Amino acid sequence: MASFKGYDLVVVGSGFAGAMATLNFLEECKKKKKSGRVALVEVGKDGERCGASRWTMAYLRLDKNLDFDEDWVKEMRLVSNGLADENYCRKLQEEAGITARYLQDHGVKFVHHDETNVLLEFKTGQHFVFPEGGGKAIIAKLFDDLQSYDNCEVLWETEAVRLITDEAGAIRGLKVRKNDGLLHDLFAPNVVLACGGFEGNQEMLARYIGRDSHKLPLIAPGLKYNKGAGLRMALEVGAGTAGSFDGMHCELVDTRASKPDAVMWGHNYGIVVNKESQRFYDEGKRHLFATFEMIALECWRDQHQSCFFVTDDVIWQRFTGSWVYDTTDVPPEKAETIEELAEKMGLDPTELKRTVDEYNAAVNDKEFNLMKLDGKATRGLKVNKTNWANPIVKAPFYGYPMTSNLTFTYGGVKTDLHARVLSTNDVPIPGLWAAGEMTGLFYNEYPPATSCLRSMTFGRLAGLEIAQNLGGKHGQANGPAIPSEQRADSTMSMDQQVLVGEGATAA
């Protein structure tokens, strides 16, 4: 027979969204003098960098005062063709700065970066922020705090299997599979799903993204755990959806790198060619952050997952030591001639030289200015470059072999401004909440430096509201959803407690 344990809240996933939901629930319960109990369920192992949050650099679209980009809603309207939920976007715009200051108050140290070479589409005064130590440091700080609470239990190596509901459809808990292979019931009136997208699920990728999705490597090892469990469980109880299910965020990475997340950001400042040494994308179409995803998708979709960046010493001297080319742990290929560079990257020297010569000859005479969309473009080529088309003429020449990696998927469950999961008819499902990349928002493109903030912000909001709505002492009023005949001594371990009655069903 399955064992069980009673909580006021069960959170699925230990990344940004899950950790924030858990800690904010605990803090608010303490503040309100409520004895709320929470279980944080994680399929990965203790000490492992599971999921995406512990791997990302966590670039944040914030200004010097930790306020969010005021043009965010406009950017989302543009790239989604009006499909994105603008009320949700405005809520993030209002709350993101509060989230950032919350992290700062909890010991997260931010690096404030003034960008002098890359034109940012953010309205943040050419400024962005990232945590010292990346996302791993944020998770470490949050876990230090949440594990100090006696009313918090972290269940590692525990897979969320399905939601438990009552006959009316309200959430009553979660059925999980522990590393003993057996199913266990965690009873609670609230469940927060915060377990990422479906990047690690080949079947779901093939179903939603389509052909050749299996050829996309994951950008970090922890993504193998993102198997779409939260999405599947929510759909089983009637959740609505949002975001484009055939959409995903990809990034170009250095194929030679020995580290995960070795992103090559600066495709704008040179040319990118395929295996035949032919350009295939307008490298200067828009800002760096606005186009680095789209060229990665093109590499995967139509260029056999292989492309090569080429630039010269003019650009290299400008960006030496910059994040733009320093995320990889391997120096660029370097050569005194284009032909020699081609040989080092496995390209045909004659073809690459022809492509570079044709590109150089097509460049107009406008001033080269990295800090604006300068209109320095090519004319007469099959694929023209719209901005920053500086001739590639000054030796030495530099290059990187690149491929596309999958970062996260777009399609997910639909939530409201409180992080409550909505049904297919836009009615909140009682007791079901969701935050992070398993919630749908993006269509067509992803405006970057926002996903981490979105995950943490709506995780925070969910945890706060659940605690605020919690009534009475443990096991009373809105406490753990365990029928009276099923309640066991709360001091018993999970393996000591046994389900003895009926009244809740696994959906």
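The values are calculated or read from the model by the stated rules, or taken from the named source; none is laboratory data. None of these values were measured; they are calculated from a predicted model. Here the Cβ is made from the backbone with ideal geometry for all residues, glycine too, and neighbour counts use every protein chain on show. Accessible surface is based on the protein model in full, side chains and every heavy atom, while ligands, DNA and RNA are left aside. Shrake-Rupley method; radii C 1.70, N 1.55, O 1.52, S 1.80 Å.
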*Using a Förster distance of 30 angstrom, determine the FRET efficiency expected from the C-beta separation of residue 306 and residue 379, and round it to 0.05.*
0.60
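Over segment 1-153, what is the percentage of antiparallel beta bridges among all DSSP beta bridges, to the nearest 5?
Details: 7 of 13 bridges.
Restricted to segment 1-153, the bridges split so that about 55 percent are antiparallel.
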*Residues with amide H under 5 Å of residue 264's amide H, sequence separation 5 or more or different chain, H placed in the peptide plane at 1.01 Å from N; which?*
252, 253, 254
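Using a 1.4 angstrom probe, figure out how much accessible area segment 33-109 has per residue, in square angstrom, rounded to the nearest whole. The partial results should precede the final answer.
Working: 3490 Å² over 77 residues.
Roughly 45 Å² per residue, with all protein chains present.
Specify, per residue and in Å³, the volume enclosed by the convex hull of the alpha carbon atoms belonging to the chain. Walk me through the numbers on the way to the answer.
Details: hull volume 68.8 nm³, N = 507.
Dividing the Cα hull volume of the chain by its residues yields 136 Å³.
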*asked:* Are there any GluC sites (Glu not before Pro) in segment 203-284 that are in a DSSP loop and have at most 14 other Cβ atoms within 10 Å? List them by number.
replied: 276
_5 Å binning of all Cα-Cα separations within segment 190-311, expressed as whole percents from 0 upward_ = 2, 10, 18, 20, 17, 14, 9, 5, 3, 1, 0, 0
*Which of 447, 138, 292, positive extreme of dipole for the chain (C-beta unit charges)*: 138
*Exactly which trypsin sites (Lys or Arg not before Pro) in segment 16-101 are in a DSSP loop and have at most 13 other Cβ atoms within 10 Å?*
32, 33, 45, 64
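With r as the distance between the Cβ atoms of residue 215 and residue 151 and R0 = 56 Å, compute the FRET efficiency 1/(1 + (r/R0)^6) and round to 0.05. Please list the in-between numbers first.
On the way: r = 46 Å, r/R0 = 0.81.
With a Förster radius of 56 Å, E is 0.75.
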*For labels at residue 105 and residue 86 in the simple 7 Å Cα→Cβ model, what's the distance in nm?*
3.2 nm
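For residue 330 and residue 314, compute 0.36 nm times the residue count separating them, minus their Cα-Cα distance, and round to one decimal in nm.
On the way: separation 16, 0.36 × 16 = 5.76 nm, distance 2.03 nm.
Full extension of this stretch gives 3.7 nm more.
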_Residues whose placed amide H lies under 5 Å from that of residue 62, excluding near-sequence neighbours_ = 129
*Kindly write out, for segment 18-23 in residue order, the coupling ³J(HN,Hα) from the Karplus curve 6.51 cos²θ - 1.76 cosθ + 1.60 (θ = phi - 60°), rounded to whole Hz, with x marking Gly and Pro.*
x, 5, 5, 4, 5, 5
_Pairwise centroid distance, computed over Cα atoms, of segment 165-225 with segment 359-404, Å_ = 44 Å
*Proximal lysines to residue 33, defined as alpha-carbon separation beneath 20 angstrom and excluding residues fewer than eight positions away on the same chain*: 473
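Roughly speaking, to the nearest percent, how much of the chain's 1.4 Å accessible area is carbon and sulfur?
The value for the chain is 47 percent carbon and sulfur by accessible area.
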*segment 382-458: trypsin sites (Lys or Arg not before Pro) in DSSP loop, at most 13 other beta carbons within 10 Å*: 382
_Accessible surface ranking that places the most exposed of 379, 211 first, with a 1.4 angstrom probe_ = 211, 379
*Once amide H atoms are built 1.01 Å from N in the peptide plane, which residues 5 or more positions from residue 284, or in another chain, come under 5 Å H to H?*
386, 387
*Among the listed pairs 91/227; 175/224; 31/227; 123/382; 30/136; 175/227, which are separated by more than 24 Å between their Cα atoms?*
91/227; 31/227; 123/382; 30/136
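Counting only DSSP beta bridges with both residues in the chain, tell me the antiparallel percent, nearest 5.
70 percent
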_Can you show me the helix-derived [θ] at 222 nm for the chain, built from DSSP H runs with n ≥ 4 at -39,500 (n - 2.57) apiece and divided by the number of residues, rounded to the nearest 500._
-8500 deg cm²/dmol
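In terms of the ratio Rg/(2.2 N^0.38 Å) built on C-alpha atoms, what value belongs to segment 349-447?
Working: Rg = 23.2 Å, N = 99, 2.2 N^0.38 = 12.6 Å.
The value comes to 1.84.
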*What accessible surface, in Å², does a 1.4 Å probe find on residue 57, ignoring ligands, DNA and RNA and rounding to the nearest 10?*
80 Å²
